[in-house]
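The values are calculated or read from the model by the stated rules, or taken from the named source; none is laboratory data. All values reported here derive from a predicted model rather than from experimental measurement. Reconstructed Cβ throughout: ideal geometry from the backbone, glycine too, with neighbour counts over all protein chains shown.
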Amino acid sequence: MVTIIGLFFALFSVGQVGSAPREPAAVDFLTGARFRTELDQATSGTWTNVEFRDLLNKLSVERRVAILLDRRIDPTVRVPLDIVNRSLTEGIQEIARKVDAEVSVPENVVYVGPSAAVRRLRTLIEMRTIELTAKSTQIAEKRRTDLNRRTSIAWADLESPGDVLRRVAEQFQLKIQGEDLVPYDLWAGCRLPSATAAEALSMILIQFDLTFAWTDGGKGIELVPIPETVVIERRPRFKSKAADALKAIQEEFPNLDARLDGTDVIVKGTIEDHEAIALLLSPNRPKKPVEKGPAPLRQRTFTLKFQRVPVRAIMAKLEESSVVFVYDAAALQAAGINLDQQIDLQLEKATADEFLKAVFSPLKISFEIDHLTVKLTPRK
């Protein structure tokens, strides 16, 4: 377990930061709709002097969300950070920016890597998936089904990427050409809980600026460098006239390749570009993003470890996540209570009641919780 110096606590509506085991593959990671729902859950936390990989591992284990850290991102950088009432995805994005990285979310995995890789990853996966049904690849239907089958792929600490690549190939019965393009390295353990062949291969190879081409009717792959331009062509849906839709796209995304084709509009862009265009042209497009309110105190759980921290500082941190403390300062003073008293505390997945009891009991303070309000009185 990492020793954290200073104040460290996390307030989550579902789960929170905690100690990561050495074997990420042992975690029952969420997938599908449950994975997406978890990424939207509110997160708050403050930490100092924690290595980047350790922090991601803690989040991954406690929130049961698989996170893959690109080999090119320094895992030993220590990241001070203060997040209040953000979604888990936003929290990870903010952490990633501290080490000049960005975040992409393919199916069932949060990938943290260099910005150039993040911009291409999901599109490369989509390109390889589309090619499975292309006439040029001549892949039989049964073989396509096998390659699109989702499976768990794991590797332990200190395995080489070549070994990982061969394991994926073995699981999908693929022969590899160009394996020498993958240099020797030693990786930290990880697990992709539910991945297709295109997803698993792409997430491994992108870390070497590589992708692949299907060969031999889908029985093999050839490793190749990622091309300079990574885009796919789509025809977005819209209710207006094609000319009006094209104008809206060009005004919002002036750098995209978009043109009319009869009554259709053809756009070349990344998956993220096409998702943004779909939202732009949607008749149900919200006028303003819906803001989520802070989670009630009793819907949060707390994991924390700190030494010699004033109770008043803990209260101030909670107040940043919309918690309100109500108390009579004169009554506390008359009872000999000093909110600047320092305490030590270590809790794991504590409820709000357990957390507040641990904070205020040493000072002989009673508390009552009402949604986001905590009333404090001297203990009788």
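May I ask you to verify whether VAL61 is in contact with a Ser or Thr (Cβ under 9 Å, 6 or more places away or on another chain), in contact (Cβ under 8 Å) with a residue 60 or more places away in the chain, among the β-branched types (Val, Ile, Thr) and buried (at least 19 other Cβ atoms within 10 Å of the Cβ)? Taking the combined requirement at face value, the residue does not satisfy it.
One residue stands out among those in the range 30-54 that are modelled with pLDDT under 90 and hydrophobic (A, V, I, L, M, F, W, C): the one that is surrounded by the most Cβ atoms within 10 Å (Cβ to Cβ), which is TRP47.
Yes or no, residue by residue, for (1) in the same structural domain as ARG34 (by TED's automatic domain parsing); (2) under 26 Å from ARG36 (Cβ atoms); (3) under 26 Å from the mean Cα position of the chain (by Cα):
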| position | (1), (2), (3) |
| --- | --- |
| VAL99 | yes, yes, yes |
| ALA154 | no, yes, yes |
| ASP180 | no, no, no |
| TYR184 | no, no, no |
| THR215 | no, no, no |
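If you go through the range 102-151 and pick out every residue that is among the small types (Gly, Ala, Ser) and either surrounded by fewer than 16 Cβ atoms within 10 Å (Cβ to Cβ) or more than 18 Å from the chain's Cα centre (by Cα) (or both), you end up with 5.
Every listed requirement among (1) touching a helix residue (DSSP H, G or I) at 6+ places or on another chain (Cβ under 9 Å); (2) among the basic types (Lys, Arg); (3) surrounded by 16 or more Cβ atoms within 10 Å (Cβ to Cβ) is met by ARG72 save one, (3).
Among residues of the range 332-347 that are of a type outside the set (D, E, K, R), those with a beta-carbon under 7 Å from a residue that is at pLDDT below 90 and loosely packed, with under 12 Cβ neighbours inside 10 Å at least six positions away or on a different chain give the pairs GLN342/ARG308. In the range 127-139, is there at least one residue being closer than 25 Å to GLU275 by Cα and outside the structural domain of PRO193 (by TED's automatic domain parsing)? Within the range 127-139 (the criterion being closer than 25 Å to GLU275 by Cα and outside the structural domain of PRO193 (by TED's automatic domain parsing)), the answer is no, since none of the residues qualifies. Listed by position, the helices (runs of 4 or more DSSP H) enclosed by the range 51-149 that each have at least 1 residues that are within 20 Å of ALA198 (Cβ to Cβ) are 115-131, 141-148. Listed here are the strands (runs of 3 or more DSSP E) enclosed by the range 157-255 that have at least 1 residues being of a type in the set (A, V, I, L, M) and in contact with a His (Cβ under 9 Å, 6 or more places away or on another chain): 232-234.
Selection of the range 325-362 for residues being exposed (fewer than 13 other Cβ atoms within 10 Å of the Cβ) and hydrophobic (A, V, I, L, M, F, W, C) yields VAL326, ALA329, ALA330, ALA331, ALA334. Taken over the range 99-142, the criterion of being of a type outside the set (A, V, I, L, M, F, W, C) and under 18 Å from ARG71 (Cβ atoms) is satisfied by ASP100, GLU102, SER104, PRO106, TYR111, GLY113, PRO114, SER115, ARG119, ARG120. Starting from residues that are among the small types (Gly, Ala, Ser) and surrounded by 16 or more Cβ atoms within 10 Å (Cβ to Cβ), keep the ones in the range 216-247 and report whichever is modelled with the lowest pLDDT. Ranking the candidates gives ALA245 first. Of the helices (runs of 4 or more DSSP H) entirely within the range 275-380, those holding at least 3 residues that are touching a helix residue (DSSP H, G or I) at 6+ places or on another chain (Cβ under 9 Å) and under 30 Å from ASN49 (Cα atoms) occupy 311-319, 352-360.
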